[in-house]
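Single-structure report; data block below.
The values are calculated or read from the model by the stated rules, or taken from the named source; none is laboratory data. These numbers were taken from a predicted model, which means no experiment stands behind them. Here Cβ is always computed from backbone atoms with ideal geometry, including for glycine, and neighbour counts include all displayed protein chains.
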């Protein structure tokens, strides 16, 4: 199965966290890393009194079912110091979100695929377009169409 995972971090050296997440996905015994976008710097979503984020998107191949893939991404988050809090959209060491999983559409208490916010988030769409420009979502909407309606909002490719 082909899946796309968004990576975000704004605590504990976010560039290092994002790179370590890509490495952890690459080294997973149950995931094959196909490709990774560049790292991007973005303004925080939610409370403005937090550091900017570093974001990326990766394409993977896996035989895991969606819930098992969620278990694997959450395991990686925990290994990198992720603490789940009640506060939504707050600062975090690492956030791994399953954006797409083949053409699967699901909405369970644990997991929504496609990711519920991906169509409006510049820090997801632009890195995704870098690695999958011709992508069409399960609803039939092309990534190209979505990008025409989502401003970059200060999103820039991160450079050392």
### Task
Specify the residue that is surrounded by the fewest Cβ atoms within 10 Å (Cβ to Cβ); the eligible residues are those in region 59-83 that are in contact (Cβ under 8 Å) with a residue 60 or more places away in the chain and assigned to a strand (DSSP E or B).
61
### Query
Does residue 88 count as surrounded by 21 or more Cβ atoms within 10 Å (Cβ to Cβ) and at pLDDT below 95?
no
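Taking the condition buried (at least 18 other Cβ atoms within 10 Å of the Cβ) and modelled with pLDDT of 95 or more, does residue 128 pass?
The answer is yes for residue 128.
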### Query
If we keep just the residues of region 1-44 that are part of a loop (DSSP other than H, G, I, E, B) and either surrounded by fewer than 17 Cβ atoms within 10 Å (Cβ to Cβ) or on the phi > 0 side of the Ramachandran plot (or both), which is modelled with the lowest pLDDT?
12
### Message
So, residue 96, is that one crowded, with 18+ Cβ neighbours inside 10 Å, touching a helix residue (DSSP H, G or I) at 6+ places or on another chain (Cβ under 7 Å) and outside any loop (DSSP other than H, G, I, E, B) or not?
### Response
yes
### Query
Within region 102-115, can one find any residue that is modelled with pLDDT under 95, assigned to a loop (DSSP other than H, G, I, E, B) and in contact with a strand residue (DSSP E or B) (Cβ under 7 Å, 6 or more places away or on another chain)?
no
### Query
Would you say residue 109 is on the phi < 0 side of the Ramachandran plot and either in contact with a helix residue (DSSP H, G or I) (Cβ under 7 Å, 6 or more places away or on another chain) or in contact (Cβ under 8 Å) with a residue 12 or more places away in the chain (or both)?
no
### Task
Output the residue which, of all residues in region 123-142 that are out of contact with any strand residue (DSSP E or B) (no Cβ under 7 Å at 6 or more places or on another chain) and part of a helix (DSSP H, G or I), is nearest to residue 36 (Cα to Cα).
130
### Summary
Picking from 154, 140, 117, the residue that is surrounded by fewer than 16 Cβ atoms within 10 Å (Cβ to Cβ) and under 17 Å from residue 52 (Cα atoms) would be 154
